[in-house]
Structures are given as C-alpha cells and as structure tokens.
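Engineer: Just passing along the structure, written as structure tokens.
The values are calculated or read from the model by the stated rules, or taken from the named source; none is laboratory data. Keep in mind that what you see is a predicted model, and the values were worked out from it rather than measured. Every residue, glycine among them, receives a Cβ derived from its backbone with ideal geometry; neighbour counts consider all protein chains shown. In case anyone asks, the SASA skips ligands and DNA or RNA and just uses the protein heavy atoms, side chains included. Shrake-Rupley method; radii C 1.70, N 1.55, O 1.52, S 1.80 Å.
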Amino acid sequence: MKLGLWLLIPLLALSPALLAADGILPAVTVTQGPDGSSSYSVTMQILLLMTALSFIPAMLIMLTSFTRIIVVLSILRQAIGLQQTPSNQVLIGLSLFMTFFIMSPVFDKIYSAGVAPYIAGELNIEQAYEQGREPLKAFMLAQTRDTDLKTFIDIAGYDNITSPEAAPMQVIVPAFITSELKTAFQIGFMLFIPFLVLDLVVASILMAMGMMMLSPMIVSLPFKIMLFVLVDGWTLVMGTLATSFGLGT
C-alpha cells in the first residue's frame, strides 16, 4: 500500500506535463497579435515570473539605492573602530528599510505604469515590462555620472547613442553600479575624517605622556562613540544618504 502511494506521487507531479503533451492543457504558447506584439499563456507567464523572482535579490541590491547605503554604513562602522557593532544583520536590515524609503516613489511609478495595467489586462507582459522599467531607468540615469555611462557605451561599441535616455539597460546597469560605488566612497571618506583626526590626537597625547604600550584605538573608541552620539550621528548619516538621492530637495 505504501509502495503504491509513493508511485502515485510522481504520476501526480507529471500529470500536468502529460496533459499538456496531449493538447488538453497548453503549457507554453505564444500568440502573435495583429500589431506584431506577442502574448503568452498563463503557464508561460508564471514560468517567467518564477524565473524573475530568482533575480529579485540581485536586482534589489544592484538596481536600487541599497549599494550606496550599505557601503557607507560599513565604512562608518570601520571609521568608528567597531568591528561587529552594529552587526551585519542590523546594517543590512537598516539598508533594506532605507532602500524601501528612498525607492518608494520609484516603486509607485513602476506599479502605476506597468504592474497595475498588466493586472487589469490593459497591457501584455512585454508592454508592461517596457513601461514599468522606465521609472527605474530614469532613477538610475539620475544617479549615474556621464563619464561612467560614456565609458561603458564606448566599451560596448554603441556608436549610435546620442543621449543617455537612448542607452540600453545592459549599459546603464554597470555604469550605475560604478557611480554608486564612487559616491559611496566619497561619502565614506567625509565620514572617516573626523574619527581619523580624533585617533591622531589621542595617539599624540599618549606618545607625549610616554604611554606607547597603550593602544590609541582603545582610548579613542569611547571618545569617538561619544562624539558620534552627541552630534546625533545616525540622523545625520541617514539624512545625508536620503538627500544624496534627491529626497527632500
């Protein structure tokens, strides 16, 4: 009895494929419209959606403000001298919620332009993709340096691109990531300077007192934490990151 039950499970799993093979349930169909557009069957759309879900983590990290935020927070932790505080989980969680806060206007535009018309049946999946990516493309171009974009356009060999808006996504994405890393390191450098000056002052005082065996990092750490708290550092850093993307301006 148990053996028959175990044999039944694979048959149930294969039954949709068998039905599709017999023509009862069309698994993958592509219908050409009179205007040249293509419409996919529900099964094909689900397959494309499940495939896209596997790329969501990479898209969330690389196509949004997440990269700049997590790099700046990591540099800040290193500048203060705290190796594991805040922990990586806290930094990633804070970066994710800051990303949702910064990207919420872009996500709303994507939903209004592509997702909502697709759910209502007004657009097919190709049209929804084309219209839904425009707000994200505009956001990425606004944060991308012209020199970085031109570099990748030249590498790709696109000689007919006359404006940044005409560049394809495969060129905009690496240019955007490169610009984000450069901006994050610039912000991190500005955050590093006050803590570096404090380390130098403490090291000079310790050497003048003849306490060369005492690590300056141990002595300066509480002073750096106190300085960061007194100036309301977290609010300043979060506000700087938000305004660096154009929010509140």
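Engineer: Check the straight Cα-Cα distances from K137 and name the aspartates and glutamates below 12 Å, setting aside those fewer than 8 residues away within the same chain.
Structural biologist: Partners found: E165.
Engineer: Follow-up question, since we're still on this one. To the nearest 0.05, what FRET efficiency results for V115 and D154 with a Förster distance of 35 Å applied to their C-beta separation?
Structural biologist: 0.50
Engineer: Net charge within 15 Å of G188 by Cβ-Cβ distance, Lys/Arg positive one each and Asp/Glu negative one each, not counting G188 itself?
Structural biologist: Local charge sum for G188: +2.
Engineer: Kindly report the accessible area of segment 78-181 per residue (heavy atoms of protein chains, probe 1.4 Å, no ligands, DNA or RNA), in Å².
Structural biologist: On a per-residue basis, segment 78-181 sits at 57 Å².
Engineer: Right, another one. Given N residues in segment 42-187, what is its alpha carbon radius of gyration divided by 2.2 N^0.38 Å?
Structural biologist: Output field value: 1.20.
Engineer: Tell me, what ³J(HN,Hα) does each residue in segment 130-144 have, in order and in whole Hz, if you take phi through Karplus 6.51 cos²θ - 1.76 cosθ + 1.60 with θ = phi - 60° and put x for Gly and Pro?
Structural biologist: 5, 7, x, 7, 4, x, 5, 5, 5, 5, 5, 5, 5, 9, 9
Engineer: Sort the following peptides by mean Cβ neighbour count (other Cβ atoms within 10 Å, averaged over residues), highest first: 196-207, 157-168.
Structural biologist: Most protected by this proxy first, the peptides run 196-207, 157-168.
Engineer: While we're here: In segment 169-228, carbon and sulfur make up what percent of the accessible area (probe 1.4 Å)?
Structural biologist: With neighbouring chains kept in place, the figure for segment 169-228 is 85 percent.
Engineer: I've got another one for you. About the Cα centre of segment 117-249, what is the dipole size in debye to 20, counting +1 per Lys and Arg Cβ and -1 per Asp and Glu Cβ, all else neutral?
Structural biologist: For segment 117-249, the charge dipole is close to 580 debye.
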